[in-house]
Amino acid sequence: MPSVSMSVNGKSVSGEVEARTLLVEFLREHLRLTGTHVGCDTSQCGACVVHVDGDSVKSCTMLALQAEGSDVKTIEGVANGDELHPMQEAFRENHGLQCGFCTPGMVMSALELVKRNPDPSEREVREWLEGNFCRCTGYHNIVKSILAGAVAMRS
Amino acid sequence: MTETGIGAAVLRTEDRRFLTGSGKFTDDINRPGQTYAHILRSPHSHAKIRKIDTASAAAADGVVAVFTGADLEGVGGIPCGFAPDGGPMNEPPHPVIADETVRYVGDRVAVVIAETLNQARDAAELISIDYETLPCVVATADAVNATTQLHADAPRNICFEWQIGDKEATDQAFANAHHVAQLDLINSRLIPNALEPRAAIGEYDVGNDSYTLYTTSQNPHVVRLLMGAFVLSIPEHKLRIVAPDVGGGFGSKIPHYPEEAIVTWAAQKVRRPVKWTAGRSESFLSDTHGRDHVTHGELALDEDGAFLGLRVKTTANLGAYLSTFGPLIPTYLYGTLLSGQYSTPAIHCEVTAVFTNTAPVDALRGAGRPEATYLVERLVNIAAAETGIDPVELRRRNLIPSDAFPYQTPVALEYDSGNYAGLLDEGLKVADMSGIGARRIDAESRGKLFGVGYSTYIEACGLAPSNVAGVIGARAGLYEAADVRIHPTGSVTVFTGSNSHGQGHETTFAQLVSDGLGVPIENVEVVHGDTDRVPFGMGTYGSRSLAVGGSAIMKSIDKLVEKGKKIAAHTLEASADDMLFQDGVFSVAGTDKTVSIAEVALTAYVPHNYPLEQLEPGLDETTFYDPINFTFPAGCHICEVEIDAETGAVEISNYSAVDDVGRIINPMIVAGQVHGGIAHGAGQALLEGCVYDDAGQLVSGSFMDYTMPRASNLLQFKLGSQVTLCPHNPLGAKGCGEAGTIASTAAVMNAVTDALTPLGVTHIDMPATAQNVWQAIHTAPTQQAAE
């Protein structure tokens, strides 16, 4: 089996994987980083979003081998120790999550949005979330959370 | 109100783990030595299995075992938990793995267990099955006249025929009517799509001859009862069910599913844990679906617009087999709701429940009540349009007056409290109806069709008084259990049978304890979802967790305070009758003598100076709370839409909701429940729809084909609230989980048809996609005349 090496949340990791192993499978099954979720098998739901070399990626749509040598960040690597990232804190303060299953992907996707657009409008947030599904919140408080998180990240 | 007590918008204690990726969902669990199961499913909607050859699969790399239906000797079928009125009901066998016949695409045919998931999947490709395909029936309306029959013991594919209400009185009302509004509608089939796919891990302990099942369930004790007693014959003391974090359910994680039994049974056979996780495509095929009614409804009115009678005939699709609560949904959760908020004196409803070659149908958020509300509220709007009475005015003329409670409807329910006129007034205010003229002009100036829709809805939830449940056909009680344990140093653990899958019980229930016992909220832990830790439970569905589960907690808190008073009285050398309790402190009335609840707890567990002759040590109280009635949330939802007549695209431009959910413990969580509910109902109205083709193939079998509501389809909702307390539970709580969905489908569709009425479109079936709306516009009588 081919071997793969990458940095995940600042730590060097490597493993032997079948060539068909998806990045999300490598994260969940090999590294036991189960914060990244699998909600579909057609790349729509966004529960599996992680950052690869600074860009948000649906980790169900990328082979582990394609991440060879990359710098991967998952939801487990977002907080600073016990201190939540301002975007995570915004989700908490605005009740931006209910069952919590879509949440890691939402946060990772929101961080990418704010990186590209530090001051997004409500409409821009809604359009950006095209690839992130939530069944619990009606998106009402997710949108509020991301707008509040963007403000917090600017200050 | 304290900062963390009843009524406070406390931030959720469960959020930190979800936000940091430390939640523990079923698929996040890995057991030592576990194997992986892949379920092979039928590609045919109806076929006989002539032969299955598993030899090549069994010999493939990494395969531990392959099982088919023939291997499941002694395993029972999946039981059904409800027969309307106790029967008669045709109740065909529901095998865990199909034995001779498959009856829908996705029906289970074999299970492959291997060292890795890929090996299990690869080996499943090697199973050779000789199918003899049979004619199928898919459409609800076709079932009773189909040439094919799914089950030998269900002639004409009828499961049961059921009715409620007074037929004679209703027919008389129609004979006397000044006007009759009529409607034929389809309540579309939906696929629930909780974001977390179902998963299950079975584990067998050889030493103890005991089993553990980790599963994505809304009600682990119910799964233990059904699977243990009916399917696998495992007694309760040898079977533990754990539902860890559950990623949404919406009803689809109520039923006991075959996969749960398969992994549990197989774990004993292979002597290793067996893990199965559904791919989303499997979820589409094999999760229970929702709704799927074909209905004719008629509303009789007198010359003043007073409702005289409502007559309903519904065919309800139950799918290929009976799911756990399938027969409950289109009967006692549907027909009983047809009075709505109105004083309609005569109602009669007939339901024919049918089998088709489709996935089983069970509860989906609202479960029967959205179907009833949609029908009633659409009929009211049609009656308004036909009689020329304003839809708000027509509703107002027929609302049950606020001094009429308790109100006995003609369809069994006794509404206990409410203020429907008040909800309507508040709804109009929150929706800023004074500005609607300007918004209409603005929309029309941009070339849009503008519409407004109302939904004044009722819900019956807090399921349920057990004696009533028994009379109507439930094969279980519907109480809830709670054990509230104060530990020796004063911290508290609540063990609740309610089973949060997103509702925030860990916070709301801790608020009850913080408020009731005066304990800091951070010293309260809420435990749920484990049959070995929680005394018993019926689970979370039907908006019942606070009204029933929360009431059980309140009763336990009362018992703890009573016992605490006796202990405190002994400590303070006073009479228990003179003891007061407030904010965590026991005091003797009229004195400055006090003792804290933490000190009382320590005394209870270190009973050196303690009235041992009269009182047991310890401070731990369990309650089984059985409500005496349902609860009746109600509200007024108002939706505005703008439609592009050129494309048919519908946009919700305003949405407001005023709900009466009784006592609110955490307004932040309640608002979140309403938001999600509105989105789910709006999803059915505008976007979602399950499509099977004529051969029974699921065309809408992925997120590429089944339109889920996205953030860009929705907007910021405007919420209002009005509280009338439920008079019969200790909290005065009614329930909020389903209200939004029950209301919003009708509100959105009434807005869509209001916008299209000038073009001659009086009804359109869901979903009101751009294509469907465009077609409705272009086939409308006035449009055809113009063309």
Name the helices (runs of 4 or more DSSP H) wholly within region B:213-293 that hold at least 2 residues that are over 18 Å from A:GLY39 (Cα atoms)? B:220-226, B:258-270
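Looking at region B:518-553, which of its residues are of a type in the set (Val, Ile, Thr) and more than 23 Å from B:GLY732 (Cα to Cα)?
Selection gives B:VAL527, B:THR531, B:VAL534.
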May I ask you to say which residue of B:PRO235, B:PRO244 is surrounded by fewer than 24 Cβ atoms within 10 Å (Cβ to Cβ), over 17 Å from the mean Cα position of the chain (by Cα) and within 30 Å of A:GLY138 (Cβ to Cβ)? B:PRO244
Among the candidates A:ALA110, A:ALA90, residue that is part of a helix (DSSP H, G or I), over 22 Å from A:LEU23 (Cβ atoms), within 14 Å of another protein chain (Cβ to nearest Cβ) and not acidic (Asp, Glu): A:ALA90
Among the candidates B:ALA421, B:ALA481, B:ALA431, which residue alone is surrounded by 20 or more Cβ atoms within 10 Å (Cβ to Cβ) and over 30 Å from B:ASP620 (Cβ atoms)? B:ALA431
Go over the candidates A:ARG154, A:ARG123 one by one and state the one that is touching a residue at least 24 places away in the same chain (Cβ under 8 Å) and more than 25 Å from B:THR26 (Cα to Cα). A:ARG154
Could you check how many residues of region B:468-519 are of a type in the set (Gly, Ala, Ser) and assigned to a strand (DSSP E or B)? 3
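I'm checking my understanding of the structure. Among residues of region B:516-542 that are among the polar types (S, T, N, Q) and out of contact with any Leu (no Cβ under 8 Å at 6 or more places or on another chain), which one is nearest to B:GLY366 (Cα to Cα)?
To start, the set of residues in region B:516-542 that are among the polar types (S, T, N, Q) comprises B:523, B:531, B:540.
Okay, now just the ones that are also out of contact with any Leu (no Cβ under 8 Å at 6 or more places or on another chain), so B:523, B:540.
On the way: B:ASN523: 34, B:THR540: 13 Å.
That would be B:THR540.
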Here the residues within region B:595-625 that are surrounded by 15 or more Cβ atoms within 10 Å (Cβ to Cβ) and polar (S, T, N, Q) are B:SER596, B:THR603, B:THR622, B:THR623
Of all strands (runs of 3 or more DSSP E) completely enclosed by region B:607-699, which ones contain at least 1 residues that are within 24 Å of B:ALA194 (Cα to Cα), touching a Leu at 6+ places or on another chain (Cβ under 9 Å) and not aromatic (Phe, Trp, Tyr)? B:650-660
Which condition does A:MET106 not pass, out of (1) out of contact with any strand residue (DSSP E or B) (no Cβ under 7 Å at 6 or more places or on another chain); (2) farther than 17 Å from A:VAL143 by Cα, if it passes all the others? (2)
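Which of the residues spanning region B:488-507 are under 16 Å from B:LYS555 (Cα atoms) and more than 19 Å from the chain's Cα centre (by Cα)?
B:VAL492, B:THR493, B:VAL494, B:PHE495
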Which ones in region B:734-758 are farther than 11 Å from B:GLY451 by Cβ, in a helix (DSSP H, G or I) and either touching a Pro at 6+ places or on another chain (Cβ under 7 Å) or modelled with pLDDT under 95 (or both)? B:ALA739, B:THR741, B:ILE742, B:THR745
Which residues, counting only those in region B:211-231, are surrounded by fewer than 24 Cβ atoms within 10 Å (Cβ to Cβ) and closer than 17 Å to B:VAL274 by Cα? B:TYR211, B:THR212
When B:GLY207 is run through (1) part of a loop (DSSP other than H, G, I, E, B); (2) touching a residue at least 40 places away in the same chain (Cβ under 8 Å), the failure sits at (2)
The listed residue being under 14 Å from B:GLY21 (Cα atoms), hydroxyl-bearing (Ser, Thr, Tyr), in contact (Cβ under 8 Å) with a residue 40 or more places away in the chain and within 7 Å of chain B (Cβ to nearest Cβ), out of A:THR137, A:THR103, A:THR74: A:THR74
Look at A:VAL107 and say whether it is at pLDDT 95 or above and under 14 Å from the mean Cα position of the chain (by Cα). yes
Taking A:GLY35 as the residue in question, decide whether it is among the small types (Gly, Ala, Ser) and out of contact with any Gly (no Cβ under 6 Å at 6 or more places or on another chain). no
Any residue that is buried (at least 20 other Cβ atoms within 10 Å of the Cβ) and either part of a helix (DSSP H, G or I) or charged (D, E, K, R) (or both) - is there at least one of those in region B:524-542? no
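Per-residue answers, yes or no, for (1) part of a helix (DSSP H, G or I); (2) in contact (Cβ under 8 Å) with a residue 40 or more places away in the chain; (3) surrounded by 23 or more Cβ atoms within 10 Å (Cβ to Cβ):
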{"residue": "B:VAL64", "(1), (2), (3)": "no, yes, no"}
{"residue": "B:PHE67", "(1), (2), (3)": "no, yes, no"}
{"residue": "B:ALA70", "(1), (2), (3)": "yes, no, no"}
{"residue": "B:ILE78", "(1), (2), (3)": "no, yes, yes"}
{"residue": "B:ASP85", "(1), (2), (3)": "yes, yes, no"}
{"residue": "B:ASN90", "(1), (2), (3)": "no, yes, no"}
{"residue": "B:VAL96", "(1), (2), (3)": "no, yes, yes"}
{"residue": "B:VAL111", "(1), (2), (3)": "no, yes, yes"}
{"residue": "B:ARG121", "(1), (2), (3)": "yes, yes, no"}
Out of all the residues in region B:30-62, which are away from chain A (no Cβ under 14 Å) and assigned to a loop (DSSP other than H, G, I, E, B)? B:GLY33, B:SER42, B:PRO43, B:HIS44, B:SER45, B:HIS46, B:THR54, B:ALA59, B:ALA60
So which residues in region B:4-24 are within 13 Å of chain A (Cβ to nearest Cβ), in contact with a Pro (Cβ under 9 Å, 6 or more places away or on another chain) and over 18 Å from A:VAL107 (Cα atoms)? B:ALA9
Among the candidates B:THR264, B:THR277, residue that is polar (S, T, N, Q) and more than 13 Å from chain A (Cβ to nearest Cβ): B:THR264
In region B:28-64, what count of residues is obtained for those that are under 30 Å from B:LEU134 (Cβ atoms) and not basic (Lys, Arg)? 18
Looking only at region A:77-87, which residues are assigned to a loop (DSSP other than H, G, I, E, B) and more than 7 Å from chain B (Cβ to nearest Cβ)? A:VAL78, A:GLY81, A:ASP82, A:HIS85
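The rows are residues; the columns are (1) within 29 Å of B:ILE347 (Cβ to Cβ); (2) within 14 Å of chain A (Cβ to nearest Cβ).
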| position | (1), (2) |
| --- | --- |
| B:ALA124 | no, no |
| B:ILE129 | no, no |
| B:THR148 | no, no |
| B:PHE160 | yes, no |
| B:THR170 | yes, no |
| B:ALA175 | yes, no |
| B:ALA194 | no, yes |
| B:VAL206 | no, no |
Got a number for residues in region A:52-73 being under 19 Å from A:SER14 (Cα atoms) and buried (at least 22 other Cβ atoms within 10 Å of the Cβ)? 5
I'm trying to understand the selection: among the residues of region B:212-249, which are in contact with a Pro (Cβ under 9 Å, 6 or more places away or on another chain) and farther than 30 Å from A:ALA47 by Cβ? B:GLY228, B:ALA229, B:PHE230, B:VAL231
Within region B:702-759, restricting attention to residues that are among the charged types (D, E, K, R) and under 18 Å from the mean Cα position of the chain (by Cα), which residue is surrounded by the most Cβ atoms within 10 Å (Cβ to Cβ)? B:LYS734
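The values are calculated or read from the model by the stated rules, or taken from the named source; none is laboratory data. Model, not experiment: these values are computed from the prediction. All Cβ positions, glycine included, derive from the backbone under ideal geometry; neighbour counts span all protein chains shown.
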